[in-house]
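J.: Take this structure first; my questions come after.
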Amino acid sequence: MSDTETVSRSAVTAPDAGPDTARPPRKLNPKIKIALGQIAVVVVWLGSWQWMSGRVVDPFFTSSPSAIGQQLLEWFRTGSIWPHLLITLQEFGAGLAIGSVAGVLVGFTLGRLPTTAAVLNPFVTVVYSMPKLALAPLFVLWFGIGFGSKIVLVGLISFFLVFYNTFTGARDVDPLFIDSLRIMGANRLTIYRRVVMPSAAVWVMTGLRIAVPQAVIGAVVGELISSNQGVGYIIANAAAFFNTTGVLAGVALVACVSVVLSQLIITLERWATRWKQG
Amino acid sequence: MPSENSGTARNAVVSAQAVSMTYHGRRGPVNALSRVDFNLWEGEFVALLGPSGCGKSTLLNMVSGLIMPTSGSLTYRGTPIDGPNTSIGYMTQRDSILPWRTVSENIELPLQIRRVPARERREKVATYIQMVGLRGFENTYPAGLSGGMRKRVGLAQALVYEPETLLLDEPFGALDAILRLRMQAELLSLTEKLGAAVLFVTHDMDEAITLADRVVVMSARPARIVDVIEVDLPRPRDLEQLQFTAEYQEVRRRVWHNLGREIHAGEKEMAKP
Ligand SMILES: Nc1ncnc2c1ncn2[C@@H]1O[C@H](COP(=O)(O)OP(=O)(O)O)[C@@H](O)[C@H]1O
Ligand SMILES: [Mg+2]
């Protein structure tokens with residue numbers, strides 16, 4: 001009934017517009033719709049987990065959302081988690097900083113040396129595809145169970161992700177931009193500064209965005225394999241005592257930290273490439 | 001050389017003798033230019049008119065020093081062109097403005113490169129933004145501009161350092177008729193004021209006749225110079241009225257009569273993908 005009303009009204013105000021152009025009935029804002037859907041997923045997921053735990057499956061194996069939440073609360077209330085979280089963040093920060101600075105420098109340099117780049121290209125691809133995490137035990141052997149081995153692992157992971165993207169970006173510069181600057185009278189250095197670097201910055205930021213969550217994983221896995229501090233150590237320790245709640249609380253904490261850090265880097269990326277929006 | 005010599009003692013800025021260009025693409029060699037003889041004299045406005053794909057941009061790229069002719073001699077003020085030609089301003093056919101610089105930063109770039117003092121830079125940039133009608137868009141990035149606006153940024157960028165020679169590759173193709181007329185008038189008054197030589201690529205016959213001292217007509221690929229027509233319409237020209245004058249109609253009839261068919265045949269030829 002309301003349909004026919006809308007159609008007839010539109011026919012009066014816009015005689016040559018078809019019924020398709022009649023104002024559609026008010027719909028839910030798609031953003032709100034998506035958010036509601038996401039909340040529903042979380043509720044169903046955690047709810048069924050909570051319900052099944054103790055009824056269908058033994059909480060010894062699966063723990064439960066409420067137990068995990070309590071564990072997290074406990075960690076932060078007593079403050080016992082802070083030193084470990086800080087250690088993991090330091091390994092992450094130091095490794096990412098060293099790895100990505102090196103990645104940017106080497107990536108730019110090799111990317112603008114076409115012959116060298118062509119020679120190294122297959123090797124780069126091989127090393128890039130290598131699972132760096134698998135080297136963690138070796139790093140422990142070489143650099144000890146402390147800070148050093150984790151920084152090397154995180155650094156290596158970050159280096160390759162940032163290097164590979166920078167390397168690709170430095171080769172991807174539109175030659176028209178370079179030609180145009182040469183005619184304006186620019187020398188190599190100016191072209192580097194005004195064209196190559198800003199152009200590759202997009203790729204560098206992509207590399208960083210991919211590197212951040214991988215670097216978090218690198219730090220935690222490094223700790224899992226062998227350490228006496230850090231969130232990875234907490235997880236490994238809980239696992240050694242078959243403490244499912246402790247393991248899952250640790251994993252949840254790592255996931256949260258990773259999401260927050262990723263969000264930060266995405267904001268930075270958006271700012272650095274704001275020219276894309278016009 | 002057909003009708004190059006008007007008898008005056010002017011100097012050639014660009015001089016091409018038997019210039020040919022063959023690209024070696026993936027699908028075999030492409031003959032883009034075939035034995036082109038051509039002079040651009042000081043302060044002269046020359047329109048290159050020819051079907052698309054015939055080799056007009058190729059000729060401009062060679063004059064700018066970005067590519068070398070396969071054979072023949074090409075000189076700028078008597079010196080062979082063997083590297084980027086910094087005496088020219090070149091507005092390429094494809095956008096070459098930098099997407100990560102705002103409108104005013106893009107126009108400022110050549111001045112920065114040429115180490116023009118900051119105050120003078122600011123004044124120049126403001127003048128040329130005004131000239132191409134982009135006031136209010138100074139701080140917009142190219143992604144936020146229309147195609148025609150980006151073209152005008154490119155034009156301002158080529159003009160802002162007031163080079164003695166301008167290469168403009170279909171600069172007004174993306175503009176609507178009124179804006180195009182305004183830009184044409186601005187360009188003419190500026191180049192007359194600066195005494196700059198202009199090599200202006202277009203495939204619009206009316207645009208070529210209204211702007212140029214000479215119209216160089218090129219054939220379909222491989223481009224040869226088919227004819228050179230002197231346009232002896234008086235300057236300064238009133239572009240709004242020009243098209244309605246008897247003299248203009250006379251020149252137009254001549255160009256059309258001699259060459260209209262050739263260009264059209266070429267365009268049909270090139271229309272095949
Ligand atoms: N880098 C290139 N490699 C191979 N072929 C090219 C290249 N540049 C242009 N061509 C070819 O040369 C011909 C002339 O091109 P161009 O000078 O751009 O024509 P116009 O500017 O007159 O439209 C075209 O057929 C084009 O496909
Ligand atoms: Mg062209």
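J.: Please go through (1) within 14 Å of chain A (Cβ to nearest Cβ); (2) surrounded by 21 or more Cβ atoms within 10 Å (Cβ to Cβ) for B:Glu162 and return the number of the only condition it doesn't satisfy.
T.: Single failed check for B:Glu162: (2).
J.: Report, by residue number, each residue of the range A:140-156 that is crowded, with 17+ Cβ neighbours inside 10 Å, modelled with pLDDT of 90 or more and not hydroxyl-bearing (Ser, Thr, Tyr).
T.: Matches in the range A:140-156: A:Lys150, A:Ile151, A:Val152, A:Leu153, A:Val154, A:Gly155, A:Leu156.
J.: Limited to the range B:211-231, what total is found for residues that are within 15 Å of ligand 2 (Cβ to nearest atom) and under 20 Å from B:Val198 (Cβ atoms)?
T.: Looking only at that region, the number is 3.
J.: I would also like to ask the following. Please determine whether any residue of the range B:35-43 is more than 11 Å from chain A (Cβ to nearest Cβ), within 14 Å of ligand 2 (Cβ to nearest atom) and part of a loop (DSSP other than H, G, I, E, B). Write out each step before concluding.
T.: Restricting attention to the range B:35-43, the residues satisfying the condition of being more than 11 Å from chain A (Cβ to nearest Cβ) are B:35-43.
With the extra rule that they be within 14 Å of ligand 2 (Cβ to nearest atom), the set shrinks to none.
Checking the range B:35-43: not a single residue is more than 11 Å from chain A (Cβ to nearest Cβ), within 14 Å of ligand 2 (Cβ to nearest atom) and part of a loop (DSSP other than H, G, I, E, B).
J.: Can you tell me which of (1) within 14 Å of chain A (Cβ to nearest Cβ); (2) touching a residue at least 24 places away in the same chain (Cβ under 8 Å); (3) assigned to a helix (DSSP H, G or I) is the one B:Glu138 doesn't meet?
T.: Unmet condition: (3).
J.: Let me ask something additional. With the range A:122-236 as the region, which helices (runs of 4 or more DSSP H) entirely inside it contain at least 1 residues that are within 14 Å of chain B (Cβ to nearest Cβ) and of a type in the set (A, V, I, L, M)?
T.: Details: elements: A:136-143, A:147-171, A:175-184, A:188-191, A:197-225.
Per the criteria, A:175-184, A:188-191, A:197-225.
J.: In the list A:Leu161, A:Leu135, A:Leu89, which residue meets the criterion of being in contact (Cβ under 8 Å) with a residue 24 or more places away in the chain, closer than 29 Å to A:Ala252 by Cβ and surrounded by fewer than 23 Cβ atoms within 10 Å (Cβ to Cβ)?
T.: A:Leu89
J.: Examine the range B:61-69 for a residue that is more than 16 Å from ligand 1 (Cβ to nearest atom) and under 21 Å from the mean Cα position of the chain (by Cα), and state whether such a residue exists. Spell out the reasoning first.
T.: Step one: list which residues in the range B:61-69 are more than 16 Å from ligand 1 (Cβ to nearest atom), which gives none.
Checking the range B:61-69: not a single residue is more than 16 Å from ligand 1 (Cβ to nearest atom) and under 21 Å from the mean Cα position of the chain (by Cα).
J.: Shifting gears a bit: Yes or no: the range B:77-90 includes at least one residue that is within 11 Å of B:Asp169 (Cβ to Cβ), outside any loop (DSSP other than H, G, I, E, B) and either within 16 Å of the chain's Cα centre (by Cα) or modelled with pLDDT of 95 or more (or both).
T.: yes
J.: Does B:Ser104 satisfy being more than 13 Å from ligand 1 (Cβ to nearest atom), touching a residue at least 24 places away in the same chain (Cβ under 8 Å) and either away from chain A (no Cβ under 14 Å) or in a loop (DSSP other than H, G, I, E, B) (or both)?
T.: Answer is no for this residue.
J.: Show the residue pairs that are 6+ apart or on different chains and have beta-carbon atoms under 6 Å apart, the first residue being within the range B:217-238 and more than 14 Å from every other protein chain (Cβ to nearest Cβ), the second being away from ligand 1 (no atom under 12 Å from the Cβ) and of a type in the set (Lys, Arg).
T.: The qualifying pairs are B:Val228/B:Arg214; B:Glu230/B:Arg214.
J.: Would you be able to tell me the number of residues in the range A:103-113 that are more than 16 Å from A:Ile210 (Cβ to Cβ), part of a helix (DSSP H, G or I) and in contact (Cβ under 8 Å) with a residue 12 or more places away in the chain?
T.: Total satisfying the criteria: 4.
J.: Could you say whether any residue in the range A:65-87 is under 30 Å from A:Ala201 (Cβ atoms), touching a Ser or Thr at 6+ places or on another chain (Cβ under 7 Å), not in a loop (DSSP other than H, G, I, E, B) and not small (Gly, Ala, Ser)?
T.: no
J.: Which residues, taken from the range B:19-54, are near ligand 1 (Cβ under 9 Å from one of its atoms) and hydrophobic (A, V, I, L, M, F, W, C)?
T.: Answer for the range B:19-54, where residues must be near ligand 1 (Cβ under 9 Å from one of its atoms) and hydrophobic (A, V, I, L, M, F, W, C): B:Met21, B:Val30, B:Ala32, B:Leu33, B:Leu48, B:Cys54.
The values are calculated or read from the model by the stated rules, or taken from the named source; none is laboratory data. In this text, all values refer to a predicted model and were calculated from it rather than measured experimentally. Cβ atoms come from the backbone with ideal geometry, glycine included; neighbour counts cover every protein chain shown.
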